[in-house]
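To start, the structure itself, in C-alpha cells.
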Amino acid sequence: MVLSKTASETDVSIHSTFASRYVRNSLPRFKMPENSIPKEAAFQIINDELMLDGNPRLNLASFVTTWMEPECNKLIMDAINKNYVDMDEYPVTTELQNRCVNMIAHLFNAPLGESEAAVGVGTVGSSEAIMLAGLAFKRKWQNKRKAEGKPYDKPNIVTGANVQVCWEKFARYFEVELKEVKLREGYYVMDPAKAVELVDENTICVAAILGSTLNGEFEDVKLLNDLLVEKNKETGWDTPIHVDAASGGFIAPFLYPELEWDFRLPLVKSINVSGHKYGLVYAGIGWVIWRSKDDLPEELIFHINYLGADQPTFTLNFSKGSSQVIAQYYQLIRLGHEGYKDVMENCHENAMVLKEGLEKTGRFNIVSKDDGVPLVAFSLKDNKRHDEFEISEMLRRYGWIVPAYTMPADAQHITVLRVVIREDFSRTLAERLVLDIQKVVHEFDALPAKLNARLATEKQEQVKNGTVKKTAIETQREITAYWKKYVTERKSNNKTQIC
C-alpha cells in the first residue's frame, strides 16, 4: 500500500518559497535552529533581510572599493575556495602575491637592485599591515637598546591626532605609548615640527599619513624627513619614519609623481597601503613594504613546514582567502600605470565637480584640499539653526550615506560632512548629490530650529540662575553632542522597529 501526503503537509511548498511555512514562521535569531530548512528558503530569508542594508555604491562614507569588472569578479569566485596559506598546494597564487609585492615596491621607489626581490607581504587590510610594521620597529628598537645596555621597556610612537584607530589599537595591544600631535582649527594634519619635538630616545618611529581620513590631506613627509635627519644628527639617534599610505599610496604615484613621500626619503623604512581602497580591490587586502631586509628583524619571521614545504610567514593570522590577492594582481596588470592614472584623474575631476557645486550654493565651507585623496569634506557656514548631523540624517531619505563627524583634539568643535569619491562615483552622481543636498538645506530652512530654541531657553535659565554664560565653542560642542545622541537614538529606534 502506497502512503502519500497532501501538498499542505509536506515540508516543500509546491507553489513558491513565499508560500512555504519557512517564511511564515520566524527563525531563532541567536540560537541555531533544531531542524534544517530548504536551501531556497534559507537564501530568501537572508536575501530579504539584506535588502535593508544601504546601497554600497551610494555609501559615500567608505574608501573601500564597491565595484570591479565582471572578469575580475569571475576570478574572485573561481578562487573563493583557495586558502592562501597553503602555499605548497597553490604555488601560482603565492607567485602572484610576490609579483604584487614587487610591483608595489617599485611603485614606491624601493631601492632594489636589478634582480633583488622586494620585502613585503599581503595582509587583510592596512590595519594588519600597520601592526606588522609597528612590531618590526618595536623589535628593532628593543634589539638596539639591549645591545647598548639601555632600558627597553618604554617604547613610544609619534603620530598626529588624525590617525586611524588602528594606530591606537597597535599602541594598546602591543604596549607602546602613543604620543599624538594635536590638531588645530584650519590645520587638520600632523605638524612635522611639533612631531619632531615629541621624539625622544624611546621613539620607535614617527608615523606620517599620506591621505588623512578626515579631509584627505597628505602630510608633509619630506619636511618631516628633513627635520628628523637634523634631530638624529644632533642626538645620535636614528629615529625612522613609517608612512601610512592606506588611502594615498595608489594615488600619489599617478597624480603627484614628483611628490617625495616614499622610499626616496632615507628615513622612510616601511609603507603600508590598502589594496581595497584606491588599489581598486574589494575589501580584504592590504600591503606592507619594507625598504630592505635589514628593516624587518629576522626573528619575527616564522618558518613552517607542516604543509609540505618551508613557508616563511609574517602575519597576525594564518588562513585567509586567495581571491583578493588574485584580484589585486588582475588590477595591476589590467590597468597598468596608464589605467590607474586615468581612474585617479577621473576621481579627482569628479571631486572638483562636487566641490564647485557645493561652493555655488553659498552655504558651505570646504575643509578638504584640492590635492590629496579625492574627497570633499565640508561644513555649514551657518549652523545656528541646523547642523551637519541633521543633513547627514536627512540625506538618507534620498539613499545617500554621507557621514558627519567632529574633528579630533584640539579641533573637536569643528563638525564636517565628508564625501569620498571612488571609481564608481560618476559626474552625474556628483551633480545629483549637490541637488539633493540643496533640497535638504531648503527643507531645513522651512523648519523651526527646535534645538536652538531649546538651547536659547536653557541659556535664559542659566542667566536667570546666575550661572556662567557658555562661549560660542561650548555651545557648538553642546549642539554637536546633542545631535550625535539624537541620531544614535533614531538609529536605535529604527533597529528596534526592524527587529
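The values are calculated or read from the model by the stated rules, or taken from the named source; none is laboratory data. Small disclaimer: the values here were computed from a predicted structure and weren't measured. Virtual Cβ from ideal backbone geometry, glycine too; neighbours counted across all protein chains shown. Ligands, DNA and RNA are stripped out before the accessible areas are found, and what is left, the full protein with its side chains, is counted by its heavy atoms. Shrake-Rupley method; radii C 1.70, N 1.55, O 1.52, S 1.80 Å.
Observations
- Global form of the chain, assessed from the alpha-carbon gyration tensor, a/c cut-off 1.5: oblate
- Among the helices of the chain, those built from whole DSSP H runs whose Cα atoms reach 15 Å or more along their own axis and whose mean Kyte-Doolittle hydropathy is at least -0.5 are 39-50, 91-107, 221-235, 427-445.
- Rounded to 5, the percent of DSSP beta bridges in the chain classed as antiparallel: 60 percent
- Note that the stretch 75-334 carries a Kirkwood radius of 18.8 Å, evaluated over its alpha carbons pair by pair.
- Other-chain or far-sequence residues with amide H under 5 Å of L375's (modelled H): I421
- Each 10 Å bin from zero holds the following percent of Cα-Cα pairs in the stretch 145-190: 25, 40, 25, 9, 1.
- 3J(HN,Hα) along the stretch 21-28: 5, 5, 9, 8, 9, 6, 7, x Hz, from the Karplus curve 6.51 cos²θ - 1.76 cosθ + 1.60 with θ = phi - 60°, whole Hz, x for Gly and Pro.
- Here the translational diffusion coefficient of the stretch 215-275 follows from Stokes-Einstein with Rh set to the Kirkwood radius across Cα pairs; for 25 °C and 0.890 mPa s it amounts to 199 µm²/s.
- Label separation (K169 vs R385): 4.2 nm, computed from points 7 Å beyond Cα along the C-beta direction.
- For F18, the solvent-accessible surface computed with a 1.4 Å probe is close to 130 Å², ligands and nucleic acids excluded.
- Built amide H within the under 5 Å cut-off of G160, gap 5+: V181
- Working note: Cα atoms of the stretch 336-437, range along each principal axis, descending, whole Å: 47, 32, 22.
- Protein accessible area in the stretch 336-437, 1.4 Å probe - carbon and sulfur %: 45 percent
- Residues in the stretch 187-193 carry Karplus couplings, in order, of 9, 10, 10, 5, 7, x, 5 Hz; the curve used is 6.51 cos²θ - 1.76 cosθ + 1.60 with θ = phi - 60°, and Gly or Pro positions show x.
- Residue order for D226, D410 - accessible surface, 1.4 angstrom probe, largest first: D410, D226
- Candidate aspartates and glutamates - alpha carbon under 20 Å from K320, same-chain residues fewer than 8 apart omitted: D78, D86, D88, E89, E95, E128, D310
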